């Protein structure tokens, strides 16, 4: 599974949220409302990390994926393990954390879109129609606009958006425990699904978490570029 250094890659780039908060307090008459939006972005990052680590570790106490013998894993799959009840609880926890990681990584950008709409576009987009896509379209030429457009076109942003939409409106993607034979992988696999005519493949939980982490980490770049616009007046 992912190691601590791999999961903490977001710390390599810094978004000075305090700098943005001070500028809002100084320049905005509606500062308290907007500061609440900034705090929401910050809290979503914490929520995301909680689910990311939870998804990574959910089955560790039940099945050791690095074990040389797959006997216990096979016994669990067959439903005859003495740890069966514990496994069922851990599997639900795994799925809940996977869903939570995907939803929070996507929701961060819904809240960020509202923040950019307030600070840069002066609320040009109505609250009910505010989305990261519409904000990116309306932004004047800038590094922030470029970064958001790159994000929206990226594979993993499109995957996470599709995953969340399917989970909210249609059905949950399959979530299964796989015992490794052909590729020696033992662990959770997130199933394939279709959305708006695009087929998305199945992923091992590590691959899935690395993808949603990639999406979430972009908020650090976008936040830093928002500071560049709002605090320093550079594009």
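A compact table of results
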quantity	calculated
Simple label model, 7 Å out from Cα along Cβ direction - residue 167 to residue 31, nm	3.7
Overall form of segment 102-179 per C-alpha gyration tensor (a/c, 1.5; a/b vs b/c)	prolate
Likely footprinting exposure, 151, 144, fewest C-beta neighbours within 10 Å first	151, 144
Cβ-Cβ FRET estimate between residue 86 and residue 126, R0 fixed at 41 Å, reported to 0.05	0.25
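Readers should treat all values here as calculations from the given coordinates under stated rules, not as data from a laboratory. Just so it is clear, the structure is predicted and the values come from calculations on it, not from any experiment. Ideal geometry is used to build each Cβ from the backbone, glycine not excepted, and the neighbour counts take in all protein chains shown.
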